[in-house]
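The values are calculated or read from the model by the stated rules, or taken from the named source; none is laboratory data. Note that the structure is a prediction, hence the values are computed from the model and not measured. When we count neighbours, we look across all protein chains shown, and the Cβ atoms used for this are built from the backbone with ideal geometry, even at glycine.
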């Protein structure tokens with residue numbers, strides 16, 4: 001039986017519940033990722049928070065904090081088969097409990113550990129390269145990560161920028177972490193230019209000039225640079241923006257959040 005769900009974490013946990021108390025799942029797919037096959041029996045699973053809570057509590061009671069965190073981190077990945085890797089991992093977890101922490105090479109564990117490592121690596125990378133712009137009323141940072149890490153980054157920047165107001169905007173998923181004394185995630189899509197302060201423009205120009213002139217020409221290594229900082233991230237970095245382009249964010253504020261509300 002193939003399970004189809006809405007793509008949320010609660011929806012996935014509902015699928016796990018259904019797997020144990022109804023027909024066994026052979027595969028789990030998000031709605032947008034599933035392609036109908038008349039030869040395969042399928043079932044659309046309706047997200048049920050109560051069922052999801054029961055599964056989460058079961059995992060919490062049987063697993064270490066490390067393994068529970070791995071389940072969540074793996075779910076945040078962009079791996080196209082993450083649900084099925086997680087299903088195998090969770091089935092094993094319910095059987096062996098905390099012992100799963102030491103089962104590094106098990107066929108149901110190794111894929112999850114590899115996925116988690118990719119998510120953690122990207123999280124760590126953006127802790128250092130996320131660029132904020134000063135709009136006058138708040139700090140704004142846009143980026144397009146491979147994995148859904150905005151909720152993982154927010155606590156780090158809340159601690160570092162505790163006295164600021166900021167928005168971390170994932171333009172790929174159209175969500176944002178918004179912080180003012182406390183933070184939350186919300187849908188966020190931008191449709192009008194966002195002004196930045198004159199001081200921000202000057203600082204950006206100085207940083208671009210420094211970046212272009214401070215490098216030792218004989219030691220420039222483009223291959224190493226791309227290895228440490230893939231090109232897909234460059235369009236959001238101040239120092240990588242072409243000087244002929246105006247330094248401004250192409251962003252739009254939806255009806256749910258107005259930038260002026262931070263004033």
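Descriptive notes on the structure:
- Test: residue in segment 2-21 that is touching a helix residue (DSSP H, G or I) at 6+ places or on another chain (Cβ under 9 Å), closer than 25 Å to residue 97 by Cβ and part of a strand (DSSP E or B): yes
- Just so you know, in segment 183-198 the residues that are in contact (Cβ under 8 Å) with a residue 12 or more places away in the chain and outside any loop (DSSP other than H, G, I, E, B) include one that is surrounded by the most Cβ atoms within 10 Å (Cβ to Cβ), and it is 194.
- Test: residue in segment 235-244 that is under 22 Å from residue 151 (Cα atoms), at pLDDT 85 or above and assigned to a strand (DSSP E or B): no
- Take the conditions (1) in the same structural domain as residue 85 (by TED's automatic domain parsing); (2) under 12 Å from the mean Cα position of the chain (by Cα); residue 100 misses just one of them, which is (2).
- Per the listing 153, 237, 161, the residue uniquely in the same structural domain as residue 142 (by TED's automatic domain parsing), within 16 Å of residue 139 (Cα to Cα) and out of contact with any helix residue (DSSP H, G or I) (no Cβ under 8 Å at 6 or more places or on another chain) is 161.
- Test for residue 72: is it in contact (Cβ under 8 Å) with a residue 60 or more places away in the chain and either assigned by TED's automatic domain parsing to the domain that holds residue 11 or closer than 26 Å to residue 145 by Cα (or both): yes
Results for (1) in a loop (DSSP other than H, G, I, E, B); (2) at pLDDT below 95; (3) over 13 Å from the mean Cα position of the chain (by Cα); (4) buried (at least 16 other Cβ atoms within 10 Å of the Cβ), shown as yes or no for each residue.
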{"site": "73", "(1), (2), (3), (4)": "no, no, no, yes"}
{"site": "83", "(1), (2), (3), (4)": "no, no, yes, yes"}
{"site": "105", "(1), (2), (3), (4)": "yes, yes, yes, no"}
{"site": "111", "(1), (2), (3), (4)": "no, no, yes, yes"}
{"site": "131", "(1), (2), (3), (4)": "yes, yes, yes, yes"}
{"site": "148", "(1), (2), (3), (4)": "yes, no, no, yes"}
{"site": "151", "(1), (2), (3), (4)": "no, no, no, yes"}
{"site": "154", "(1), (2), (3), (4)": "no, no, no, yes"}
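- Matching option when the condition is part of a helix (DSSP H, G or I), outside the structural domain of residue 32 (by TED's automatic domain parsing) and more than 30 Å from residue 81 (Cβ to Cβ), among 201, 178: 201
- Cβ pairs under 8 Å, 6+ apart, first in segment 7-27 and on the phi > 0 side of the Ramachandran plot, second modelled with pLDDT under 95 and assigned to a helix (DSSP H, G or I): 7/31; 7/32
- Filter pass, residue 137 being in the same structural domain as residue 226 (by TED's automatic domain parsing) and closer than 30 Å to residue 188 by Cβ: yes
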